[in-house]
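The values are calculated or read from the model by the stated rules, or taken from the named source; none is laboratory data. These numbers were taken from a predicted model, which means no experiment stands behind them. So basically every Cβ, Gly included, is an ideal-geometry build from the backbone, and we count neighbours across all protein chains shown. The accessibility values were calculated without ligands, DNA or RNA, using every heavy atom of the protein model including side chains. Shrake-Rupley method; radii C 1.70, N 1.55, O 1.52, S 1.80 Å.
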There are 2 protein chains.
Amino acid sequence: MYIHGYGERESERLLAQAASVVRFLHEDTRFPPGSRVLEVGCGTGAQTVSLARNSPGAEIVAFDHALASLARAIERVAAAGLSNVELLHADLNALPLDAESFDHVFICFVLEHLSNPIAALVLVKRLLKPGGTVTVFEGDHGSAFFHPHSEIAHRAIACQVELQRRAGGNACIGRELYPMLVRAGYDAPCVTARVVYVDATTPDLVDSFTRKTFTGMIETVREGAVAAGIIDAATFDAGIRDLYRAAEPDGVFCYTFFKGVAVKGTSS
Amino acid sequence: MYIHGYGERESERLLAQAASVVRFLHEDTRFPPGSRVLEVGCGTGAQTVSLARNSPGAEIVAFDHALASLARAIERVAAAGLSNVELLHADLNALPLDAESFDHVFICFVLEHLSNPIAALVLVKRLLKPGGTVTVFEGDHGSAFFHPHSEIAHRAIACQVELQRRAGGNACIGRELYPMLVRAGYDAPCVTARVVYVDATTPDLVDSFTRKTFTGMIETVREGAVAAGIIDAATFDAGIRDLYRAAEPDGVFCYTFFKGVAVKGTSS
């Protein structure tokens with residue numbers, strides 16, 4: 001279940017997120033001309049556009065179950081003038097796609113929302129040709145640390161982790177990509193960690209990542225966390241203030257993303 | 001104050017540490033032929049050897065205040081057959097070195113032990129020629145996270161952080177390199193974060209880093225932490241067990257180091 005909501009502000013946050021980290025996360029994700037690539041859970045198409053731009057010769061099929069998000073993705077792909085993307089309204093558990101019909105599968109910021117991410121990895125393996133690859137990106141909220149250190153800011157972050165857990169997801173899934181790919185039966189899993197380090201020498205990242213992407217995301221759970229009795233509003237707000245404090249000129253913010261790539265073996 | 005002790009086992013731990021992370025940390029640290037480089041707090045010479053090897057044309061002056069460590073550094077430099085290293089027994093606050101006599105200063109895993117790291121950065125700035133650079137490496141124990149997650153393992157890590165704090169140091173100093181270099185009056189500070197990601201695909205790193213370097217380091221504070229009443233022995237031991245658990249075949253361990261480089265301006 002997606003816990004951030006689907007409103008206009010959330011859409012802007014996703015855009016800031018894609019803009020700030022996309023170069024860094026996707027720059028080494030390229031699929032060869034002629035290959036068929038499936039994007040699982042494309043949402044509003046934030047990653048789809050860069051995926052299609054970075055692999056202009058590949059044929060991208062992207063799907064999502066949320067109609068409103070998919071409508072936004074269709075607009076965005078059209079606005080980018082991309083002709084190598086097909087968008088589908090579909091559910092992971094009932095995909096109208098043939099077995100062994102894709103060369104590569106791309107899954108970005110999706111597994112964290114699923115109650116059984118390993119089952120999802122197994123499902124999409126069916127769609128891959130033998131020798132095809134799955135590429136997975138996830139963050140990990142347990143990787144966030146910052147200067148000045150603040151316990152109360154960590155408590156605000158923990159609210160998001162707890163709400164995502166109650167919704168069946170896992171906001172600290174990044175560190176688990178390796179064992180998940182192994183358990184899903186993929187071969188040769190290779191996971192790399194990508195730390196986003198932000199200080200005042202990169203003011204664009206301070207604004208787009210520390211403020212708008214990360215702190216903005218934590219802010220979206222304020223009402224849910226207070227309503228669920230996980231935290232009181234004053235404590236939550238103090239935690240958010242301390243996260244914004246890390247975006248001041250002497251502040252530092254760190255967060256780690258993970259990229260996992262693995263192969264569908266010929267016998268799996 | 002150095003809280004890990006100076007025994008034989010500690011010396012082996014430092015060697016494992018240097019071997020496991022040194023390639024990764026130092027590979028882009030090279031000083032040009034003919035330059036004079038000062039290494040501050042060389043300890044047993046673990047970093048000195050790779051520093052001198054990576055910059056064979058540079059003239060390295062390395063010092064430490066601990067005689068036993070320095071004796072080991074002298075042995076190690078001799079065993080490596082290095083001829084571009086001069087070792088000094090000296091204290092940072094009374095260095096027998098001329099102002100503006102070095103092109104570069106190198107400080108690795110030292111600032112974390114000092115009660116006033118900014119004062120140390122100011123002190124060594126005096127020794128740099130205008131336009132010379134300082135290069136600082138530090139870890140950050142707040143950056144450690146692992147799979148399976150364990151609160152009790154984080155409590156064992158917190159013992160080391162607390163003991164280092166009581167000794168006047170800061171085990172979470174890595175995130176502060178940028179503001180410290182600014183406050184010490186250096187120009188153009190540039191900090192990069194380097195995450196060590198360890199899973200079963202790199203068994204050498206599992207052994208040398210997760211087990212011997214990190215968990216081994218936390219283990220060294222067991223008696224001190226129990227004696228100081230920070231934790232009981234059973235809880236500490238359970239935390240250590242959980243850190244070793246992250247070195248099992250489905251485990252993952254992450255830790256972030258920081259490298260900071262900054263310039264002594266012509267007016268500072």
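Which of the residues that make up region B:197-222 are open to solvent by less than 10 Å² (accessible area, probe 1.4 Å) and either within 8 Å of chain A (Cβ to nearest Cβ) or of a type in the set (F, W, Y) (or both)?
Scanning region B:197-222 gives B:D199, B:F209, B:F214.
Filter region A:191-231 down to the residues that are in contact with a Leu (Cβ under 9 Å, 6 or more places away or on another chain) and in a strand (DSSP E or B), then identify the one that is farthest from B:D250 (Cα to Cα).
Among those residues, the one meeting the criterion is A:V198.
Among the candidates A:R166, A:R175, A:R155, which residue alone is over 22 Å from B:C254 (Cα atoms) and among the basic types (K, R)?
Details: A:R175 fails: over 22 Å from B:C254 (Cα atoms); A:R155 fails: over 22 Å from B:C254 (Cα atoms).
Of the residues listed, the single one that is over 22 Å from B:C254 (Cα atoms) and among the basic types (K, R) is A:R166.
Check A:A153, A:A171 and return the single one that is touching a residue at least 40 places away in the same chain (Cβ under 8 Å), within 14 Å of another protein chain (Cβ to nearest Cβ) and not in a helix (DSSP H, G or I).
Exactly one residue qualifies, and that residue is A:A171.
As an exercise: evaluate A:I230 against (1) crowded, with 17+ Cβ neighbours inside 10 Å; (2) under 28 Å from B:C190 (Cβ atoms) and give the number of the one condition it does not meet.
(2)
Restricting attention to region B:110-150, report how many residues are away from every other protein chain (no Cβ under 12 Å) and aromatic (F, W, Y).
Number satisfying all stated conditions: 1.
Pull up region A:174-191, narrow it to residues that are open to solvent by 30 Å² or more (accessible area, probe 1.4 Å) and facing another protein chain (nearest Cβ under 10 Å), then point me to the one that is nearest to the chain's Cα centre (by Cα).
Ranking the candidates gives A:E176 first.
Of the residues B:G45, B:G81, which single one is surrounded by fewer than 17 Cβ atoms within 10 Å (Cβ to Cβ) and closer than 23 Å to B:R30 by Cβ?
Checking each option against the conditions leaves just B:G81.
Would you confirm whether or not region A:235-252 contains a residue that is among the hydroxyl-bearing types (S, T, Y) and closer than 26 Å to B:Y178 by Cβ? Outline the logic, then answer.
Within region A:235-252, the first condition is being among the hydroxyl-bearing types (S, T, Y), and the residues that meet it are A:235, A:244.
Restricting the remaining residues to those that are closer than 26 Å to B:Y178 by Cβ gives A:244.
Yes, region A:235-252 contains at least one residue that is among the hydroxyl-bearing types (S, T, Y) and closer than 26 Å to B:Y178 by Cβ.
Kindly indicate the residue of region A:69-78 that is within 18 Å of the chain's Cα centre (by Cα) and aliphatic (A, V, I, L, M) and also surrounded by the most Cβ atoms within 10 Å (Cβ to Cβ) among those meeting that condition.
A:A73
Inside region A:28-85, can you point out the residues that are more than 14 Å from A:F106 (Cα to Cα) and either in a strand (DSSP E or B) or aliphatic (A, V, I, L, M) (or both)?
Across region A:28-85, the qualifying residues are A:A66, A:L67, A:A68, A:L70, A:A71, A:A73, A:I74, A:V77, A:A78, A:A79, A:A80, A:L82.
Being at negative phi, of a type in the set (D, E) and part of a helix (DSSP H, G or I): is that true of A:D237 here?
yes
For A:E8, work out the one condition from (1) modelled with pLDDT under 95; (2) buried (at least 21 other Cβ atoms within 10 Å of the Cβ) it doesn't fulfil.
(2)
Is there any pair with a first residue in region A:242-268 that is at the interface with chain B (Cβ under 9 Å from one of its Cβ atoms) and free of Cβ contacts under 8 Å to residues at least 40 places away in the same chain and a second that is part of a helix (DSSP H, G or I) and open to solvent by less than 10 Å² (accessible area, probe 1.4 Å) whose Cβ atoms are under 6 Å apart and which are 6 or more apart or on different chains, and what are they?
The qualifying pairs do not exist here.
Being farther than 15 Å from A:L38 by Cα and small (G, A, S) is the filter here; which residues of region A:107-130 pass it?
The answer is A:S115, A:A119.
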